[in-house]
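Below is one structure; the comments refer to it alone.
The values are calculated or read from the model by the stated rules, or taken from the named source; none is laboratory data. Not measured: the values here are computed from a predicted model. Neighbour counts run over all protein chains shown; Cβ positions are idealised from the backbone, glycine included. Note: areas computed on protein heavy atoms with side chains; ligands, DNA, RNA excluded. Shrake-Rupley method; radii C 1.70, N 1.55, O 1.52, S 1.80 Å.
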Amino acid sequence: MKKILPILFIIVSLTLSGCSIKKEYDLHGKEQVEALREEAKGWQSGRYLFTDLGTGEMNQAFSFMYNSDGSQTYLYEHITEGSYYIEYYGGGMIYILDGENISVLDEGSADYVSYNKDNPHPYSAGDLLFYENLFVRSSVENSDDQGNVTYLYNYDTDKINRSLGTSLKSFVTTYAFDQEGNFMYFTQSNSDGENDFSYRIELVDINSITKIENPMMSE
């Protein structure tokens, strides 16, 4: 995406850095989490819904699907401080609404990137459900108020900071599964000592989306 939000910075940066895992830790929930992320790579469509845990408001959504020719369509929406940001890609041009300004990127644009089954958008391949085994300092198994089993991963910020040049003080994620093993939600919280970001991701419409409209194109 052209606009990278602070709460997604670590996900995008570690994805693009191509971290290689030379050693795996035996973490609580490791098999379930890794199985979920592997399954996500094969989803043909889906929608990620983001809720800001500080405000309790859902302020982001990422929807995607594959087309019959193998190309990918996605729609990203974000509302912040009264400003609306949209990004749409349907296998051709990328349409961007930033506030009241609309821009279009074609194949000749510097920021243009095309996505398909061979090169999927990282958000559509499970990377939003952040997990890097080698960076985890400790893990805890617990349960939430709904009876879901939760796996909390406390990350080693020194390792992340050395890898990315960041200044994180804390970075924690949680995966929740119901008693039948179905994925329920994911949370991520991180802080650099001055700014705190916490959000929750829920998944809907997995493998059931057949069309994603471009909201910037009038009928």
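Computed values, structure above
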read-out: Hz values of 3J(HN,Hα) by residue in region 76-82 - Karplus curve (6.51, -1.76, 1.60), Gly and Pro given as x; value: 10, 10, 8, 10, 8, 6, x
read-out: Percent carbon-and-sulfur accessible area, region 19-176, ignoring ligands, DNA and RNA, probe 1.4 Å; value: 44
read-out: Distance histogram in 10 Å bins (all Cα pairs of region 90-219, percent per bin); value: 10, 28, 29, 26, 7, 0
read-out: Solvent exposure of the chain as accessible area per residue, Å², 1.4 Å probe; value: 53
read-out: Two-decimal log10 I(q)/I(0) for the chain, as the Debye equation yields it once each C-alpha is a single scatterer, q = 0.08, 0.13, 0.14 Å⁻¹; value: -0.30, -0.81, -0.94
read-out: Two-decimal ratio, region 139-193, of alpha-carbon radius of gyration to 2.2 N^0.38 Å; value: 1.34
read-out: Surface accessible to a 1.4 Å probe, L53 within the full protein complex, Å²; value: 90
read-out: Rg to Rh, two decimals, where region 89-156 supplies the alpha carbon set and Rh follows Kirkwood; value: 1.20
read-out: Rg over Rh [alpha-carbon atoms, Kirkwood Rh] for region 36-148; value: 1.03
read-out: Estimated 222 nm signal from helices in the chain, with DSSP H stretches of n ≥ 4 weighted -39500 (n - 2.57), rounded to 500; value: -3500 deg cm²/dmol
read-out: Calculated FRET efficiency for the pair N161/E24, C-beta based, R₀ 25 Å, to 0.05; value: 0.70
read-out: Theoretical FRET efficiency, 1/(1+(r/R0)^6), r = Cβ-Cβ of D106 and D192, R0 35 Å, to 0.05; value: 0.45
read-out: Karplus 3J(HN,Hα) series, Hz, for region 97-103 with 6.51 cos²θ - 1.76 cosθ + 1.60 (x for Gly, Pro); value: 10, 10, x, 9, 9, 10, 10
read-out: In Hz, Karplus ³J(HN,Hα) per residue of region 54-67 (6.51, -1.76, 1.60; θ = phi - 60°; x = Gly, Pro); value: x, 10, x, 9, 7, 10, 9, 8, 10, 10, 8, 7, 9, 8
